[in-house]
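Nothing in this text is a laboratory measurement; each read-out follows from the coordinates by a stated rule. On a predicted model such as this, the values are computed, not experimentally measured, just so you know. Cβ: placed from backbone, ideal geometry, glycine included. Neighbour counts: every protein chain shown.
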Amino acid sequence: MDATDRIVFAQTGRGARIGTARDTIGALKNGTKLVAWLATQAGAMWLPFKVSVQGAVKAEINHGRWIVRCPACSGAEEADPGEPIFYCLSCGNDENGGHVMQVVFPDDRAAIEAALLRREMGNRNWAPGESLSDLEMENAEHGLGAEGEGEGAGTAPLRITSITNTAGG
């Protein structure tokens, strides 16, 4: 990376939205299907990749983005409700024969996202089994009332932070 290289990170403020794989994987922003992108990545790493779905995993929210933790290794990948499949780029879903897995999102996804959007990014976390009432109770304990109420309400503008490598190399 030389001095002209720039890495731009987008960090959403309170009230923006919960991110998905489509928000952060550049190739998906121009309409590429997640399954096609995963197949390309797996092929580049010589991992087995089978498009047929076998098994299911539950999605969770980690620091304001939907992810799936691999049930076989310590890997995790971002998830997208519009294309709910999971393939671990760490182990290649090896214990699942290389097959992609169905991602299960909660039925009350929109309400969970709304509750989390009242929090700072680092506290936007939800795990399967955690109820919406649990999230709302935590919000109330920290002064983050219903949307439009409390100190955490409202929306903050998108903050963009640019980092430039000035050391060269």
With 0.36 nm assigned to each residue of separation and the Cα-Cα distance removed, residue 29 to residue 54 gains 6.3 nm
Could you list 37, 126, 46 so that the one with the fewest beta carbons within 10 Å of its beta carbon is first and the one with the most is last? 46, 37, 126
Evaluate E = 1/(1 + (r/R0)^6) for residue 120 and residue 76, where r is the Cβ-Cβ distance and R0 equals 30 Å; express this FRET efficiency to the nearest 0.05. 0.90
By counting other Cβ atoms within 10 Å of each Cβ, how are 91, 70 ranked from fewest to most? 91, 70
Gain upon complete extension [residue 102, residue 36; 0.36 nm per residue less C-alpha separation]: 22.2 nm
How long is the gain from residue 62 to residue 138 if the chain were fully straight, where each residue apart is worth 0.36 nm and the alpha carbon distance is subtracted? 25.7 nm
How far apart, in nanometres, would the label points at residue 89 and residue 110 be if each is projected 7 angstrom from Cα along the Cα-to-Cβ direction? 3.1
